[in-house]
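S.K.: Let me begin by handing over the structure; questions about it come next.
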């Protein structure tokens with residue numbers, strides 16, 4: 001398919017999106033050839049449509065001329081969802097970045113897909129509202145991309161993920177028809193739930209052109225704790241115990257010993273010497289709610305003599321978050337590359353998973369660190385390697401496969417918030433049984449008979 | 001199709017489900033011929049399978065012999081989802097009523113579809129857990145039926161509806177294959193979201209055989225208020241104001257003037273004379289949370305001189321709920337029959353909707369009362385009629401159509417928690433555009449090419 005877009009076709013595309021909204025210049029194409037995975041696939045052209053109608057026209061043309069169309073938000077995805085693996089056209093939603101409607105009375109926003117998550121949060125602030133999903137990339141990731149991958153974030157433990165906040169859509173189908181789904185009300189059960197079928201479909205079933213979002217009142221206040229433990233099971237048992245006691249933190253992030261070792265320098269005063277795990281725990285809500293939750297939490301900490309720090313103001317709060325925020329870049333002090341996965345296990349199985357990764361690291365002579373969302377069992381496993389070291393690369397890939405197999409054995413799932421994309425496609429059959437996989441492929445075929453929309457994603461050998 | 005099930009076929013079915021688990025006796029069939037709509041359709045046989053494999057065998061037979069199979073939970077549906085409108089076999093899930101697994105550590109339950117919602121709640125109580133969806137019929141409705149219709153309840157304003165709590169499924173497809181979907185973890189985005197496609201599909205895409213449910217910690221305490229207003233807009237403005245102030249009641253039920261008039265006798269001491277609307281408002285959570293929310297709520301009530309009653313104990317709480325609980329039967333003191341709808345409008349539009357129903361009642365000389373979930377805009381509109389009075393029946397149907405049209409105009413939806421079934425199928429095109437309707441029909445066709453599973457539901461002229 002690559003290289004198939006001839007001059008005539010480019011002209012037609014140019015006519016659809018208007019002057020200046022299509023590029024085939026090599027230096028520009030390369031800006032749209034990568035994402036958060038670090039993998040690179042060059043598109044043949046990039047279009048910047050401004051309306052659903054333009055997208056519809058592009059998709060009709062794609063069906064006629066059979067070229068791949070790959071929707072792209074901010075390109076911050078972690079599994080290759082926006083990579084043009086089969087060449088063709090990248091359809092960037094960056095021009096469609098308007099907040100079309102903000103209805104504080106009904107706590108609803110209607111946005112275009114290119115709106116940046118953080119920009120929406122800023123616009124909501126003056127209305128004392130929030131859009132809960134808060135991926136780490138929120139300053140640059142787009143709402144459309146969030147919906148395509150069903151993004152989560154630290155606050156998911158309390159507030160849920162993207163699918164819990166997108167209640168209606170306007171989409172363009174792969175065949176070029178514009179369609180609306182869902183509602184703009186809190187409830188609704190009328191016909192099949194196409195909205196949820198599309199959320200998390202990684203840009204393979206439709207292109208979002210409008211998203212109707214549920215909002216929540218902005219929590220008035222927060223209380224942030226950094227809690228340290230002498231063993232990881234102590235930390236996860238503690239997490240399970242407070243959740244069962246109806247303390248629902250808005251953040252419950254944990255780090256294992258290796259993760260702590262790489263960010264140790266960022267934490268001052270230094271952590272207790274025997275620290276083997278830490279939890280960053282944040283409560284939010286009204287003043288009275290946070291006070292109430294604090295009053296419940298403190299006895300858990302104090303009766304068991306668990307060491308903790310409490311942020312009394314915003315500066316101290318930032319300080320406690322510093323360690324968590326600096327993990328991802330800090331890991332590269334260990335090895336130059338990493339294989340990073342976002343598996344989920346039932347909360348009670350976190351110690352088993354971490355024990356497994358420690359054994360695996362020892363057996364394969366690798367450095368593996370884990371951190372992530374202890375509250376919901378969504379653990380980021382980072383297998384640190386040097387890609388140019390053949391043994392490390394091979395062992396890293398073996399570790400990854402064993403990790404996935406073990407996660408499934410624990411009743412877990414391969415992805416909590418990043419999706420499958422291209423990086424996990426070969427492992428999909430570990431989790432999805434053949435019947436379900438066949439049904440999913442039939443659905444793809446139903447919506448996109450010519451397989452022009454984001455081909456090569458999710459399904460093994462799908463391109 | 002009716003009358004097609006001959007002796008040979010009945011024998012085959014009997015062999016599948018085993019002795020005593022199939023009936024064709026007229027007096028038994030009539031027990032499975034009705035639901036909450038009061039409409040009656042006689043099946044030709046009723047099967048009580050005990051396993052997914054038996055259901056699979058039944059569906060394979062149905063594809064071979066082309067008879068309709070209609071899944072039925074407790075038959076408490078409000079739109080006809082479980083009615084055998086085309087005859088054939090009713091497949092009752094009542095024998096598949098086991099709680100297969102209860103995992104308090106991970107707050108997960110795995111249940112068969114025939115488990116009664118209230119029985120699950122009872123089993124969870126000793127683990128200090130709840131399954132939030134609480135339809136009014138919870139004492140007798142089944143979890144499978146709840147999932148088929150995406151049932152809600154008063155607590156939806158705080159906790160959401162069935163789709164927010166079913167995270168994984170085992171189903172039998174219409175063609176007789178057993179398939180699993182979803183996860184048993186808090187998060188998961190792996191492949192297309194078939195779980196949500198099936199929730200709310202009203203038994204037309206699959207038969208549930210296992211449901212994996214998310215649970216929540218049981219709220220420790222509740223605080224119940226009965227608040228009265230001199231006008232309905234006062235009541236809804238109040239509801240919007242407290243929700244915006246981050247007071248999220250676990251119940252926020254309202255009643256209009258007509259609804260109050262029929263249950264007035266149940267309330268003592270009598271309500272203030274100028275009462276035109278009331279709100280039943282309940283807070284739940286930990287002791288400290290409820291105290292905190294109360295401290296925020298009371299100034300709203302007191303600064304504006306709004307009259308309210310507060311239940312100091314369980315007895316008084318029951319007393320305040322009495323009025324709300326007795327509405328549905330009490331309405332029949334007005335007229336012998338009713339057309340009851342569960343429309344949803346954006347919260348801020350409730351006054352417009354109620355004003356519209358009052359005008360409509362006057363214009364068509366009907367009694368229409370409204371009550372329901374003010375917190376999420378899900379309003380139960382009861383058009384009271386005598387079916388034997390031709391004028392009332394005709395005007396009732398006119399009122400219903402105008403109601404639906406107005407609801408859509410307000411940005412609302414035809415159903416918040418009851419589904420479409422047969423009673424609203426003809427109105428589906430008011431809400432679902434032709435393209436989306438076509439897509440939904442294609443999905444039905446994909447899953448059920450012979451149209452044997454619950455034919456005649458959701459889609460206009462679908463039988």
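Bear in mind that the values in this text are calculations on the coordinates, not laboratory data. Source: prediction; values computed, not measured. When we count neighbours, we look across all protein chains shown, and the Cβ atoms used for this are built from the backbone with ideal geometry, even at glycine.
S.K.: Give the residue that is surrounded by the fewest Cβ atoms within 10 Å (Cβ to Cβ), with candidates limited to residues of region A:421-438 that are at the interface with chain B (Cβ under 7 Å from one of its Cβ atoms) and out of contact with any strand residue (DSSP E or B) (no Cβ under 8 Å at 6 or more places or on another chain).
M.R.: A:428
S.K.: Quick check on my filter: what residues within region B:3-38 are under 29 Å from the mean Cα position of the chain (by Cα) and surrounded by 15 or more Cβ atoms within 10 Å (Cβ to Cβ)?
M.R.: B:21, B:22, B:23, B:29, B:32, B:33, B:34, B:35, B:36, B:37
S.K.: If you check residue A:124 against the conditions, is it away from every other protein chain (no Cβ under 11 Å) and either over 24 Å from residue A:293 (Cα atoms) or free of Cβ contacts under 8 Å to residues at least 60 places away in the same chain (or both)?
M.R.: yes
S.K.: Same structure, new question: Within the bounds of region A:72-91, is there any residue that is within 14 Å of another protein chain (Cβ to nearest Cβ) and over 21 Å from residue A:452 (Cα atoms)?
M.R.: Yes: region A:72-91 contains one or more residues that are within 14 Å of another protein chain (Cβ to nearest Cβ) and over 21 Å from residue A:452 (Cα atoms).
S.K.: Just checking, does region B:376-392 include any residue being surrounded by 23 or more Cβ atoms within 10 Å (Cβ to Cβ) and assigned to a loop (DSSP other than H, G, I, E, B)?
M.R.: Checked region B:376-392: at least one residue is surrounded by 23 or more Cβ atoms within 10 Å (Cβ to Cβ) and assigned to a loop (DSSP other than H, G, I, E, B).
S.K.: Next question. If you take the residues of region B:439-449 that are more than 9 Å from every other protein chain (Cβ to nearest Cβ) and surrounded by 15 or more Cβ atoms within 10 Å (Cβ to Cβ), which of them is farthest from residue A:188 (Cα to Cα)?
M.R.: Ranking the candidates gives B:448 first.
S.K.: Could I ask something else about it? Please determine whether any residue of region B:125-134 is farther than 22 Å from residue B:248 by Cα and in a loop (DSSP other than H, G, I, E, B).
M.R.: yes
S.K.: Residue B:399 - would you say it is touching a residue at least 60 places away in the same chain (Cβ under 8 Å), over 20 Å from the mean Cα position of the chain (by Cα) and more than 9 Å from every other protein chain (Cβ to nearest Cβ)? Step through it out loud before you land on a result.
M.R.: Details: touching a residue at least 60 places away in the same chain (Cβ under 8 Å): yes; over 20 Å from the mean Cα position of the chain (by Cα): yes; more than 9 Å from every other protein chain (Cβ to nearest Cβ): yes.
Against the criterion (touching a residue at least 60 places away in the same chain (Cβ under 8 Å), over 20 Å from the mean Cα position of the chain (by Cα) and more than 9 Å from every other protein chain (Cβ to nearest Cβ)), residue B:399 qualifies.
S.K.: Looking only at residues that are within 14 Å of chain B (Cβ to nearest Cβ) and either without any contact (Cβ under 8 Å) to a residue 40 or more places away in the chain or more than 27 Å from residue B:169 (Cβ to Cβ) (or both) in region A:402-420, which one is surrounded by the most Cβ atoms within 10 Å (Cβ to Cβ)?
M.R.: Per the criteria, the residue is A:408.
S.K.: Which count do you get for residues in region B:196-219 that are surrounded by fewer than 21 Cβ atoms within 10 Å (Cβ to Cβ) and at the interface with chain A (Cβ under 7 Å from one of its Cβ atoms)?
M.R.: Summing the residues that are surrounded by fewer than 21 Cβ atoms within 10 Å (Cβ to Cβ) and at the interface with chain A (Cβ under 7 Å from one of its Cβ atoms) in region B:196-219 gives 1.
S.K.: Suppose we filter A:85, A:70 for residues that are within 28 Å of residue A:423 (Cβ to Cβ), out of contact with any helix residue (DSSP H, G or I) (no Cβ under 8 Å at 6 or more places or on another chain) and in a loop (DSSP other than H, G, I, E, B); which single one remains? Break it down into steps so the answer makes sense when it comes.
M.R.: Values: A:70 fails: in a loop (DSSP other than H, G, I, E, B).
None of the other options fit; the residue is A:85.
S.K.: Which residues, taken from region B:92-106, are within 14 Å of chain A (Cβ to nearest Cβ) and part of a loop (DSSP other than H, G, I, E, B)?
M.R.: Answer for region B:92-106, where residues must be within 14 Å of chain A (Cβ to nearest Cβ) and part of a loop (DSSP other than H, G, I, E, B): B:104, B:105, B:106.
S.K.: Facing chain B (nearest Cβ under 9 Å), surrounded by fewer than 23 Cβ atoms within 10 Å (Cβ to Cβ) and under 19 Å from residue B:162 (Cα atoms): which single residue out of A:193, A:164 fits that description?
M.R.: On the way: A:193 fails: surrounded by fewer than 23 Cβ atoms within 10 Å (Cβ to Cβ).
Every option except A:164 fails the conditions.
S.K.: Take the residues in region B:144-161 that are under 23 Å from residue B:253 (Cβ atoms) and in contact with a strand residue (DSSP E or B) (Cβ under 6 Å, 6 or more places away or on another chain); name whichever of them is nearest to the other protein chains (Cβ to nearest Cβ). If you could, list the steps in order and put the result at the bottom.
M.R.: The initial filter retains those residues of region B:144-161 that are under 23 Å from residue B:253 (Cβ atoms), namely B:145-146, B:149-161.
Right, trim to in contact with a strand residue (DSSP E or B) (Cβ under 6 Å, 6 or more places away or on another chain) and you get B:154, B:157.
Details: B:154: 12, B:157: 8 Å.
Going through the qualifying residues, I end up with B:157.
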